[in-house]
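Read through the structure below, which is laid out as structure tokens, and then see the notes.
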Amino acid sequence: KKLFNSDNFSFLIVQIIFISFFYLIGLNLFFYIFLWFVPLITLTRVINCLRLMSEHSLGYNENFYRSFENNDLITKFFGAYGFDRHAEHHLVPYLKHTDLYLVSNKIKNIGLNSSDSENQLTIEFSKKNHLQVLFDYFKKL
């Protein structure tokens, strides 16, 4: 894996811009770290973990994936870039996120069942949003 792929390079450029901005308005590196970088690496990590918990198993087998079918603001926030169609992303990982809805329709039409019950792939199309799924799960604990 390359150290400087396009995502890493973009991230580095953005951070240099932010460091420059903090410097230009008279704030030192301490303010950059605690007002921008720490929230970036902590808050985004928490949000990503919540998203992953709601889209993956949460008490199911390891081959369980959930896609979300509603269009509320929470689903738009957690499901950015097509990750509201998370199951479809696992089935066809290199497909553009804008085309995952086409895969979703095909899955519903043909169904997906494995003959090997131990490794059966389970897909749920949830009408709930990410937070409702998490709340329901934690209520059961």
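We did not get these values from a lab; they are worked out from the coordinates using the rules stated. Fair warning: this is a prediction, and the values are worked out from it, not measured in the lab.
Brief remarks follow.
- In the structure shown, the pairs K76/K96; K108/K140; K96/K127; K108/K128 are assessed against 26 Å; a Cα-Cα span above that value is assigned to K108/K140.
- From phi via Karplus (6.51, -1.76, 1.60), per-residue ³J(HN,Hα) for region 23-30 in Hz, x at Gly/Pro: 5, 5, 8, x, 9, 7, 4, 4
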